[in-house]
Each structure stands twice: as C-alpha cells, then as structure tokens.
1. Of all residues in segment 326-356, how many are touching a residue at least 40 places away in the same chain (Cβ under 8 Å), open to solvent by 60 Å² or more (accessible area, probe 1.4 Å) and out of contact with any His (no Cβ under 9 Å at 6 or more places or on another chain)?
2. Note down all Cβ pairs under 7 Å where the first residue falls in segment 257-281 and is within 15 Å of His316 (Cβ to Cβ), the second is in a loop (DSSP other than H, G, I, E, B) and among the aliphatic types (A, V, I, L, M), and they're at least six residues apart or on different chains.
3. Only one of (1) assigned to a loop (DSSP other than H, G, I, E, B); (2) modelled with pLDDT of 60 or more; (3) not small (Gly, Ala, Ser) fails for Met1. Which number is that?
4. Which of the residues that make up segment 277-312 are assigned to a loop (DSSP other than H, G, I, E, B) and closer than 27 Å to Glu343 by Cα?
5. If only one of Ser356, Ser296, Ser367 is of a type in the set (S, T, N, Q) and under 23 Å from the mean Cα position of the chain (by Cα), which one is it?
6. Across segment 63-84, what is the total count of residues that are farther than 21 Å from Thr23 by Cβ, among the charged types (D, E, K, R) and touching a residue at least 24 places away in the same chain (Cβ under 8 Å)?
7. If the requirement is being at positive phi and touching a Ser or Thr at 6+ places or on another chain (Cβ under 8 Å), which of these qualifies: Asn383, Asn364, Asn336, Asn323?
Amino acid sequence: MKKIDVIALLCALIMCTYAHAQTIETTENLCGSYIQSASTKNMLFDENMHEPLPVNKQTRFLGFDILEINDTLYLQASAASMNAHMLFIDVLISEDYAICGSGVFSTYGTQNERTTLQVMIPVEDIIGLDNSSSPLQIEVLTINANNDLTSNIYNYDRQALNSLINTRLTPDQNTPYSLAVTHPTDTVGNYHNDPHRNNKMIYCALERYHNCDYSLLDFLDVHDQHSWHLALPIKGQFTIDAHVVNMLFREDLTAHKNIIPTDFGVWYPHNSFYELGASRQNARAFLSQFFTLTHSMHPQTGKYQTTISWDIPLQHGEFQGNNHLQRSHEIYWMMNFAFTTNEMGPENQALTQGASQHHYTQANKVSFLSLTGIKYNQASQLNLLPLIVN
C-alpha cells in the first residue's frame, strides 16, 4: 500500500499535541494530491526495507459518513482503538490522492480506554478522482504508551464509498444507501408517546422507564433462562449499486485478513468491542439464516443493485460469552457487512451469455462496508446512533 509522507505525519503530530487531549479527535484532511510528488526517501514506511507491522486486534475501522455543515457536504472517516496514544488514518483514494489525519490522546493513566479519530474532507474535493473498481485501501496505524506501532489494513468496498459521496438526498431517498434501520433505533422520546423522540437509543437493564427504547426485561419475557447479557432485536436493510453474490462471515474469511466479517457489535469505552456472531460457535451458521439478498436493476442507470436485509428477532439477539451488561452512555453500535460482488451480474445469466465459469469466478470481488453509531450528530446523513445503557 502506498504510504504517507513522513513530513505530513510529523506536522499532524505537532498540531495534535497542542490540541485538547480527549478520547474522540476530529481533524481535517492532512494529505491530498501532493503525495504524487512525494520522494520515496521520505515515505513513512518502505515496504521493501521493513518487516510487515503487527496487526492490532483491538483496532477497527468504523466506516464513513456524510455530514452537511453550513450547506457544505463533508466525508467523514472514523477509526478507533484501545489504549492508543496516537491514531493515524490513511485512505488511498487513488494513486495520487489520499485522505489522512492523526490524533494524539491522553488516557490519564486509565488502563483501558477507547480512543477514536475522525477525519473530514469536503465531498467536492474527492468526487470523480478515481473510477477504479478495485477495493479501496485503508490503513489505520496506532502507537501505544510503549511506542509499539501497529498497522491494520482494510479492503473497503469502493463502489459503496462512491455511492455515498454521490448521493443527493430526495424525499424518496432520505438516507444514503436507502438505509433503513428498524432495530435498534430511537423508538420513544423523553415522555410516553412523545412523537419527536429524543435522538437517543436507550437500553435499560432492569426497568422499563418512559424513555427506554429497549429493556433487558423484554428479552427475559421471551427467554426461559435468566441473562445478564445485552440482548436486542436487530433489523434493517440498505441497497448498494452492485450484484452481491453472497454474504461473508467469519468462517468465510480466514484467507482474507483485510476484510471485516459480517457481524453486529457493541464497543464500550473501557472494553474492547464484542460481536453477536463471534460469540457463537459458528458465526456463519448462526447469522446467515437472518439475511436476505434482493437483486434488481436501477431504473435510471440500468446498473445492478442489491438490497441487503437482516431480521434477527429478540430471542436470538443476545450477545453471549463473557460479555456482561454494563451501564454506559458512550457505546458504539457497529454494523459490518462483508460480501462478494460480481460486475457480470447473476452467474446463470453470465454463463448463458457466453462467459466461462472460470471467467465469472475471476470476476468475484471481496470487500466490506461498515456503519457505526459513534455519537449523535444532527448533520449526519446516515443518522446512526450510539447506544446508551442505563
């Protein structure tokens, strides 16, 4: 993967050092088109001279969002890690343009602390830069208190990003990807029957107060066995401009280390994230039964489209294992979708039209898309919400 100029990183560190230390840092893009003239001598890491950096299992790319601020659209890229004193995000848009940024954090001696970096760039700066069909390369670098450096590299779905930055919302499509999350979401307001809701997704432990969107008591009502685990109904759908061949789960991706498997997760501020499928013996066997793929053609462009739908009822929405319910107002709600796409469309159709089985198989591409509720932001077009446990 092409690396970022060391000068940019040093400037970022200096700028962030004088910023107010916090666990969420937002910065503007520090890279751009200048990287096309960067000398190889100044690259941060020369892949020919250094061994590959270790992967941090407590680091995760959290996805993209679109924010509308003062009538200007911004793309926001987010990543988080546990106990990182520095985070650096590098999104390689094309061979001569990158989005990057860094954040420096102080955990004030806390043993376990989640730190989050968000990088913003005006959408108009990147529209039309690259029409490549290859996966989008993203790298998240971390440095901890012992100056240990780690690198997580991801192959993100490029078409999904292009669809996001090119979406112009209409009354018929009021979210990018036509994303519709039914559960979990904000279902009630501060008072009973409040039609305005409160832009909070509140989970209550052993009570059903007027502002509780969900309660552990709901799960206990439908489950014979007592539980101290988080349990939620999980339902929604979105549409991407591609023919999705199949969904990919943990067991499908043992040879694809740069892909985040399909799963749903929660991330507490003082514990690493845990996920619904990963808490089962076989994530694919458990999760696949709740997914549906609906294929279509876009009525205007004629492009292949796929609507990915999921519907996990409450009785199956328990996060099992050693992950006990904890009270917190800063829990990230994570939805990851990994899949195989094929630009040739349905396999039977392609073979009927003369394509060979080998040619069709070679056209398969593996990538993923992440959606994360980090904090409520009225400017967000995806309207993703974090989870509060009272």
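The values are calculated or read from the model by the stated rules, or taken from the named source; none is laboratory data. It should be emphasised that the depicted structure is a prediction, and the values quoted were computed from it without experimental measurement. Heads up, the Cβs are rebuilt from the backbone with ideal geometry, glycines too, and the neighbour counts pull from every protein chain shown. The area values use the complete protein model at the heavy-atom level, side chains included, leaving out ligands, DNA and RNA. Shrake-Rupley method; radii C 1.70, N 1.55, O 1.52, S 1.80 Å.
1. Summing the residues that are touching a residue at least 40 places away in the same chain (Cβ under 8 Å), open to solvent by 60 Å² or more (accessible area, probe 1.4 Å) and out of contact with any His (no Cβ under 9 Å at 6 or more places or on another chain) in segment 326-356 gives 4.
2. Asp263/Leu276; Phe264/Leu276
3. (2)
4. Of everything in segment 277-312, those that are assigned to a loop (DSSP other than H, G, I, E, B) and closer than 27 Å to Glu343 by Cα turn out to be His298, Pro299, Gln300, Thr301, Gly302, Lys303.
5. Testing whether each residue is of a type in the set (S, T, N, Q) and under 23 Å from the mean Cα position of the chain (by Cα) leaves just Ser367.
6. The number of residues fulfilling the criteria is 1.
7. Going through Asn383, Asn364, Asn336, Asn323 in turn, the sole match is Asn383.
The rows are residues; the columns are (1) modelled with pLDDT under 95; (2) more than 15 Å from the chain's Cα centre (by Cα); (3) within 17 Å of Ile240 (Cβ to Cβ); (4) open to solvent by less than 50 Å² (accessible area, probe 1.4 Å).
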residue	(1), (2), (3), (4)
Asp125	yes, yes, no, no
Leu129	yes, yes, no, no
Val140	no, no, no, yes
Asn147	yes, yes, no, no
Ala160	yes, no, yes, yes
